[in-house]
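The values are calculated or read from the model by the stated rules, or taken from the named source; none is laboratory data. All values reported here derive from a predicted model rather than from experimental measurement. Every residue, glycine as well, gets a Cβ built from its backbone with ideal geometry; the counts of neighbours run over all protein chains shown.
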Amino acid sequence: MRVRYLGWIAVLAVTLPATFPLFAASKSLRPTQPWMDKSLPAEQRANLLLQAMTLDEKITMVHGMDPRPNNEYAGYVPPNPRLSIPALKLADGRAGVGNHATDVTLLPAPIAAAASWDTALMHRYGQVLGNEEWGKGTNVALGPTIDVVRVPEWGRTFETFGEDPYFNAQMAVAEIHGIQSQGPIADANMYLTMNQENNRFKENSIVDPRTLHEIYLPPFEAAVEQGHVGTVMCAYIKTNGVYSCENQYLLKDFLKGRLGFSGWVMSDWGATHSTVASAKNGLDQEMGGGTYYSQALKAAVENGQVSMATLNEHVRRILVTMFRFGLFDKDQSGSWTTDVRTAEHAAFSREAAEQGSALLKNEHGLLPLSNASSIAVIGAAGDLKPKAQGGGSSTVVASYIVTPLQGIRKRVADDTRVSYADGSDLAHAIAVARTVRVAIVFVNTDEGEGRDRPNLELPGNQDQLISAVASANPNTIVVLNTGGPVLMPWIGKIRGLIEAWYPGQEDGNAIAAILYGDVDPSGKLPLTFPRTATEIPTATRQQWPGIDGNSTYSEKLDVGYRWYDANNVRPLFPFGYGLSYTTFKLSQFSVTPKKIDWATNPSNNINAELEVTNVGKRPGAEVVEVYVAQPEKNGEPPRQLRAFSKVFLQPGESKHVTLALNKRSFSIYDSTAHAWKFPDGTYKILVGTSSRDLPLQSTVVISSSPVSH
Ligand code: BGC
């Protein structure tokens, strides 16, 4: 009887208010707030909620609160209990939870994880990061940084995935999926042409539309279309005279229009420069505070400069995304003080550092080291001042850092065979190097947000240190802890070289595993290492750091390895390069079909297939890279990465690898037609293990009109 009575109440509560609006006002019979009905689509819930919001409540949603409660997170939008809107808590997250959070895991820098060339590893990187962000109460994780590295001195290179648009797009999608699988909304940043730190609040990037579409936009396009990223951060810098956060073409026409991005755009912290222009041109939310989007925006709406419809659209995007990610429905119990570390996260941090380490030189089979060798660890980064991460908003409070000396001592389990010199005193370093069989010099750069490196040299006395040690001991190995390329005047004097990047909290354990061969070094460079300071794509002052506030992208499409190839310049270490302790053979290469007609088969793939065999004696991994060389008439760089795959193989093992190329792999952007074009012609498919080692070659004939057989 009682059950039946309650059932009737429920039916009336739902049907009466809809049928007779009068009932809706009656509290006892009012159903829960209609937008809290989980069965409704996110758009409908957002629209229902929007109708219930006052102007002040809408304004609250479109800017960050300043100051933030307890100074936690990087950005904060307060909850609205009246309407059941949860708070938005935005925290930095490139190599772990940032903003001074404690009890978190410091991962290797994103460039290190990207150097694994393993999208599955990058997905797990996102999962670990997303999991710790969510555990800290964060619901918007500010990362990944997906800009293409144009200037090798760029201070935030370590935060990115490198210099190739396709590669960055793949990594971006993998990491975004990883982050968002754990609860938080990810944030693709920094949109767009954020390619230098010097004068970053005012600099203007002058870049032609074809370059914009072929080089700088693809990672963002993939983040939206394949990654389904929830937010995008517009950058400090201007593109073609217009600030990113009020750039109609970039925000409204391209991102929201052409790509159909349905999430919200937030400004970088302090990157909003106007109220009306920003609101009209597509900026949804000002971060970190509300200089332009609080009182000023309210006044602009009241006096008609910004329409209510425009404001509603900004709020609606935020709400739709919050509903879509379940922020109204999920119970997020973690807070800023929760300890989110786990043994699995620490193990992953180590694995990512190992998998990203790139072996660049190994003469006389010096590596891997034998356990019995006496060794010297030399350099500040070897112990005194380990260089585990870059600086700026990505900084993570590490709970610990295993230094290289600690990791190596633990690995060899015999302290007496491992000596140390911090490198500050050259004579001491030389003396120590003379007493051992192998000297390992750890050198580093100091990179961070807000400033570019002044040049590509190793800072301080590190070049002299390496030369002095190498003169004292022929078995000298250099380990680079850098976020990007450095010049190596001493390269001919050393026998071994490893790029270990900024390796995170497991620094010493990871490098010990690589040095002693417990793990095969299988990382590859996601950016080119130049031979000289001048033979780089952006060597003129007009290009970088710019003149009178303008950085001219005169290298156009020739970014990174594209420039070296186009200008026949031999880099020191090419894009995609990295050695292994084992040997691989690539064979049985084929490309099918040999002819394709996009007019009749627009969605067909072209498959490059081959067999990869580990013909050496150790387990290891090889990355197969596929480049497309377009017909000369297309006016493209000589060859461009269009597919890759990392293959793990036991000694003697073979695997068949199929790499799919699609229509877009053979496209150019036509800036007159504002569209992608797929010109007819013969395209070369080049396959190998670095951008400069492509022994397998074939062709495919493309036509956009029916092929005559
Ligand atoms: C950085 C962003 C960061 C923000 C919040 C800015 O200085 O450019 O990447 O997310 O600060 O900390």
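Values for this structure:
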read-out	value
Residue, nearest to the ligand (Cβ to nearest atom), within segment 170-197, restricted to residues that are of a type in the set (S, T, N, Q) and within 20 Å of residue 136 (Cβ to Cβ)	189
Test: residue 559 is in contact with a helix residue (DSSP H, G or I) (Cβ under 6 Å, 6 or more places away or on another chain) and either modelled with pLDDT of 95 or more or crowded, with 24+ Cβ neighbours inside 10 Å (or both)	yes
Among residues of segment 99-113, those that are surrounded by 24 or more Cβ atoms within 10 Å (Cβ to Cβ) and under 20 Å from residue 400 (Cβ atoms), counted	9
Lone qualifier among 47, 99, 71, 80 - being within 16 Å of the ligand (Cβ to nearest atom) and more than 30 Å from residue 174 (Cα to Cα)	71
Unmet criterion (only one of (1) out of contact with any helix residue (DSSP H, G or I) (no Cβ under 8 Å at 6 or more places or on another chain); (2) in a helix (DSSP H, G or I); (3) more than 21 Å from residue 558 (Cα to Cα)) for residue 266	(2)
Qualifying residue in segment 481-488 (condition: polar (S, T, N, Q) and within 29 Å of the chain's Cα centre (by Cα))	yes
Residues of segment 296-347 classified as out of contact with any strand residue (DSSP E or B) (no Cβ under 7 Å at 6 or more places or on another chain), within 30 Å of residue 248 (Cα to Cα) and among the charged types (D, E, K, R), total	5
Residue count, segment 630-677 (criterion: outside any strand (DSSP E or B), hydrophobic (A, V, I, L, M, F, W, C) and surrounded by fewer than 19 Cβ atoms within 10 Å (Cβ to Cβ))	1
Every residue from segment 588-629 that is in a loop (DSSP other than H, G, I, E, B) and touching a Lys or Arg at 6+ places or on another chain (Cβ under 7 Å)	598, 602, 615
Selected residue (criterion: farthest from residue 502 (Cα to Cα)) from residues of segment 464-481 that are among the β-branched types (Val, Ile, Thr) and in contact with a Lys or Arg (Cβ under 8 Å, 6 or more places away or on another chain)	476
Scan of segment 382-421 for residues that are more than 16 Å from the ligand (Cβ to nearest atom), of a type in the set (A, V, I, L, M) and closer than 27 Å to residue 103 by Cβ, ordered by number	384, 388, 398, 401, 402, 405
Subset tally (residues that are over 27 Å from residue 179 (Cβ atoms) and of a type in the set (Val, Ile, Thr)) for segment 227-254	1
Counted residues, segment 84-96 - those being surrounded by 15 or more Cβ atoms within 10 Å (Cβ to Cβ), away from the ligand (no atom under 12 Å from the Cβ) and more than 25 Å from residue 387 (Cα to Cα)	5
From the options 167, 254, residue that is over 15 Å from the mean Cα position of the chain (by Cα) and more than 16 Å from the ligand (Cβ to nearest atom)	254
Where residue 68 falls short, out of the listed (1) among the basic types (Lys, Arg); (2) over 22 Å from residue 314 (Cβ atoms); (3) crowded, with 16+ Cβ neighbours inside 10 Å	(2)
Test set (1) in a loop (DSSP other than H, G, I, E, B); (2) out of contact with any Ser or Thr (no Cβ under 9 Å at 6 or more places or on another chain); (3) touching a residue at least 12 places away in the same chain (Cβ under 8 Å) - residue 333 fails condition number	(3)
Boolean, residue 424 is polar (S, T, N, Q), modelled with pLDDT under 95, away from the ligand (no atom under 16 Å from the Cβ) and not in a strand (DSSP E or B)	no
Some residue of segment 428-449 being surrounded by fewer than 20 Cβ atoms within 10 Å (Cβ to Cβ), within 16 Å of the ligand (Cβ to nearest atom), touching a residue at least 12 places away in the same chain (Cβ under 8 Å) and within 30 Å of the chain's Cα centre (by Cα)	yes
Of residues in segment 114-160 being within 14 Å of the ligand (Cβ to nearest atom) and of a type in the set (D, E, K, R), the one surrounded by the most Cβ atoms within 10 Å (Cβ to Cβ)	133
Test result for residue 242, out of contact with any Pro (no Cβ under 9 Å at 6 or more places or on another chain), away from the ligand (no atom under 16 Å from the Cβ) and β-branched (Val, Ile, Thr)	yes
Matching option when the condition is in a loop (DSSP other than H, G, I, E, B), in contact (Cβ under 8 Å) with a residue 60 or more places away in the chain and within 26 Å of residue 452 (Cβ to Cβ), among 483, 517	483
Among residues of segment 280-295, those that are farther than 24 Å from residue 249 by Cβ and in a helix (DSSP H, G or I), counted	1
Meets criteria (of a type outside the set (A, V, I, L, M) and either more than 16 Å from the ligand (Cβ to nearest atom) or under 30 Å from residue 42 (Cβ atoms) (or both)) for residue 321	yes
Options 231, 272; residue that is of a type in the set (Val, Ile, Thr), in contact with a His (Cβ under 9 Å, 6 or more places away or on another chain) and within 13 Å of the ligand (Cβ to nearest atom)	272
Extreme residue, surrounded by the fewest Cβ atoms within 10 Å (Cβ to Cβ), among residues of segment 393-417 that are in a loop (DSSP other than H, G, I, E, B) and either without any contact (Cβ under 8 Å) to a residue 12 or more places away in the chain or touching a helix residue (DSSP H, G or I) at 6+ places or on another chain (Cβ under 8 Å) (or both)	413
